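Below: the structure, in structure tokens.
Please treat every number below as a calculation from the coordinates, not as lab data. Just so you know, these numbers come straight off a predicted model, no measurement behind them. Because the Cβ atoms are built from the backbone with ideal geometry, glycine has one as well, and the counts that use them run over all protein chains shown.
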């Protein structure tokens, strides 16, 4: 298997690289597992902690640069994971940049896949930010995408492209709508949802964290661990498992921000809980409220995708995978 | 009011021009009717029967040419009707052309509107081809868009752009999903749905017409007369009437192809009915079956949009508006 990851230097990209190298195989088109021979990475920022593995190469470049992407998605490529994106607050702040990276970049990736002529498998990360506007309390499968951010709009357009190129036999695409990923290691990013990780991560390290939304705000959550499992499952499922729609939302743990804080208290104690400072920011509250609070993920569950079992499970996965791993 | 129509030389564009000139006014942003001073048209083919009216100008050019479109959507433009498109079978046959015209062209139009800095009103023609795949017998409002053609994909992407640019305050957009337009005057076009007009139009002129789909095939129909009424209504409705979704499907008359043929018999007699030759073409049947057969248009009806009353009403509108008008 010759694998390409576009936008590999992000948190999920790096975790996927580690998981691929550890697992060592991925499904071929015929369904059998085959050995991973090459993992070619691209991002527009350096790749931190690049694994010392002869299978891995890294290129610095832009997703919207057809020359760089065509060179990256070279003949022989069997699988492409497309993660590159300008996140929600970033795409909201800069209209051109958001469309260039999130829409044009996706077209460049898909056209490079198409040029191979071998129908490679493509896993695209979408987001539950594709939902918005007038929504029921719980979003069912087959609900209309009416995003209320440019980021959500561009992700919805990416899903449409994935479906169209797949239907035409140019790629074998799969698009996963990610719930809010919690707990992200590292530093806050430009995403409006970044607080959802900060309010767990910072107190666990003995630091204060600001929560800019009210405690009743509902968040559908997924741990990085379960997200990476989902990428591998999405890749390996046979085409027949997807039917006529190659996009779906992943199962999430749907909790209020208050329940997130209480999970932290149960895992790390009252002192950690007290480090969450509730300071409402209407700009963030407004963006977050355009996202769905609860997801009915019947279709994804039937396909074997899993949510985290509890808020404690999410926090403990972060402690095991990131805090302890880094401490070693 | 200074109006631009992109893709004006098509059948609906020409009927809209005539309706605008006859009506003489259109709603301003404040809701009051204001006099139409200029109607600037563009298409990539010559405009047949250009009305001799000092308010009208015509430019030949491509919708994906930013220079031409920026010149067309000049300062002072209050309203843009964006009709330019490569139709369904055309976009299916030529991937690049479909995306260039239907997606890139729409972006060029919206970016030219944005450059005005005055939030012009934009009416975009989408299509019920945005629906497809696993669908209920009747499509409700808020049903997911899972198009099974490139044309439907590109129209769904256009709707997303209309919503995003509107939400950002760059345009005041409205997108109408057109049912199959019947009866189209003139000649068959590249659309897979072209037979739906041919089987009425040709027999009324004493000619045979081939019906490439089975008599039980369901079609949601709308006459050109009601479509033009819908464009004017879509333009004139206040922003508050649209809520958080600027796209909707128009009310349709949902009939089987057999019922269409029987409507023809009632209006024009058994001889006309016999001129329909049933010759199944699997390629066309397959495309048409990816479209919805019935629409629940509760939202559009509540906003005052209307369907045709019967198949006879559709046929009689064609006889009055096209056959008799041309005979005069």
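Legend: ranking of residues B:211, B:119, B:113 from fewest to most surrounding C-beta atoms inside 10 Å; resulting order B:119, B:211, B:113. A label point on residue B:57, set 7 Å along the Cα-to-Cβ line, lies at 5.4 nm from each of its counterparts in the other copies, closest listed first.
Each other copy holds its own label point for residue A:19; taking that point as 7 Å from Cα along Cα to Cβ, the gaps run 5.2 nm, nearest first. Averaged over the residues of peptide B:135-145, the number of Cβ atoms from other protein chains lying within 10 Å of each residue's Cβ is 3.
Shown for residue B:95: label points 7 Å from Cα along the beta-carbon vector, and their distances to the equivalent points in the other copies, 3.0 nm in ascending order. Beyond 24 Å, the tail of the calculated P(r) for chain B holds 52 percent of the Cα pairs. Across peptide A:101-112, the mean count of Cβ atoms from other chains lying within 10 Å of each residue's own Cβ comes to 1. For chain B, a Gaussian network of Cα nodes joined below 10 Å ranks B:100, B:201, B:283 by mean-square fluctuation, and the top entry is B:283. Counting only alpha carbon atoms, the long axis of helix A:224-236 and the longest principal axis of chain A meet at about 20°. Inter-chain Cβ neighbour count for B:164-171, averaged per residue, equals 4 (cutoff 10 Å, partner chain atoms only). Would you please classify the overall shape of segment A:187-228 from the alpha carbon gyration tensor, given that a ≥ b ≥ c denote the square roots of the eigenvalues, rounded means a/c under 1.5, and beyond that prolate means a/b larger than b/c while oblate covers the rest? In terms of gyration-tensor shape, oblate. Taking the Cα atoms only, what angle lies between the long axis of helix A:257-268 and the longest principal axis of chain A, rounded to 10 degrees? It works out to around 80 degrees.
Across every pair of non-identical alpha carbons in segment A:228-328, the mean reciprocal distance, once inverted, gives a Kirkwood radius of 16.4 Å.
Each residue in A:182, B:86 was given a count of other beta-carbon atoms within 10 angstrom of its own, and listing them fewest first yields B:86, A:182.
If you average the sequence gap of Cα pairs under 8 Å that are 6 or more apart and divide by the length of chain A, what percent do you get for the contact order? It rounds to 17 percent for chain A.
Taking the centroid of alpha carbons for each part, segment B:116-134 and segment A:54-80 are 35 Å apart.
Normalising the average separation of contacting C-alpha pairs (under 8 angstrom, six or more residues apart) by the number of residues puts the relative contact order of segment A:157-238 at 29 percent.
Between 0 and 90 degrees, the angle of helix B:195-204 with respect to the longest Cα principal axis of chain B falls at about 70 degrees. Could you tell me whether segment B:1-90 comes out rounded, prolate or oblate from its Cα gyration tensor? Rule is a ≥ b ≥ c as square roots of the eigenvalues, rounded for a/c under 1.5, then prolate if a/b exceeds b/c, otherwise oblate. Here segment B:1-90 falls in the prolate category. Between segment B:156-214 and segment B:250-328, the alpha-carbon centres lie 12 Å apart.
Listing A:97, A:160, B:237, A:26 from fewest to most neighbouring C-beta atoms within 10 Å gives A:97, B:237, A:26, A:160. Computing Rg and the Kirkwood Rh from the Cα coordinates of the protein assembly as shown gives a ratio, Rg/Rh, of 1.01.
Computed over segment A:161-292, the range of Cα coordinates on each principal axis works out to 54, 29, 23 Å, biggest value leading.
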